[in-house]
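Following: one structure in structure tokens, then a few remarks.
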């Protein structure tokens with residue numbers, strides 16, 4: 001985690017222009033797969049997002065089954081607002097794509113719902 005102590009004048013801020021895109025991962029299990037699929041399909045119908053596969057297996061660092069929504073930075077505000085109102089208790093993990101996968105999945109991450117532990121070793125091996 002970043003050190004947030006000290007004065008603001010001592011902080012280093014990143015340029016948001018480094019963000020090439022975002023991924024939102026909708027997590028689900030056998031009991032919520034239908035709701036997750038419906039949420040992802042509705043999001044892809046309403047917003048300029050690319051819906052990935054509905055993975056009913058663990059993929060990458062993700063601790064649950066998931067479906068990925070990929071989108072450009074200008075979509076973030078509207079999509080997050082919509083997901084906040086429509087996720088129906090599903091956990092959604094959102095991260096930017098800056099080229100630093102480990103930091104994007106940790107310090108830069110946004111969680112909606114339960115925060116889960118990612119398998120960061122996967123990212124460390126590929127980073």
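The values are calculated or read from the model by the stated rules, or taken from the named source; none is laboratory data. Being a predicted model, the structure only gives us computed values, none of them experimental. Using ideal geometry, Cβ is built from the backbone for each residue, glycine included, and neighbour counts are taken over all protein chains shown.
Annotations for the structure displayed:
- All positions within segment 15-49 that are surrounded by 13 or more Cβ atoms within 10 Å (Cβ to Cβ) and more than 20 Å from residue 83 (Cβ to Cβ): none
- Close pairs (6 angstrom Cβ cut-off, 6 or more residues apart or separate chains): modelled with pLDDT under 85 in segment 111-126, in a helix (DSSP H, G or I) and surrounded by 12 or more Cβ atoms within 10 Å (Cβ to Cβ) anywhere: 123/101; 123/102; 123/105
- When segment 8-66 is filtered for residues that are more than 20 Å from residue 104 (Cβ to Cβ), in a loop (DSSP other than H, G, I, E, B) and in contact with a helix residue (DSSP H, G or I) (Cβ under 7 Å, 6 or more places away or on another chain), the ones remaining, listed by number, are 47, 48, 56.
- Selection status of residue 69, assigned to a helix (DSSP H, G or I) and at pLDDT 95 or above: no
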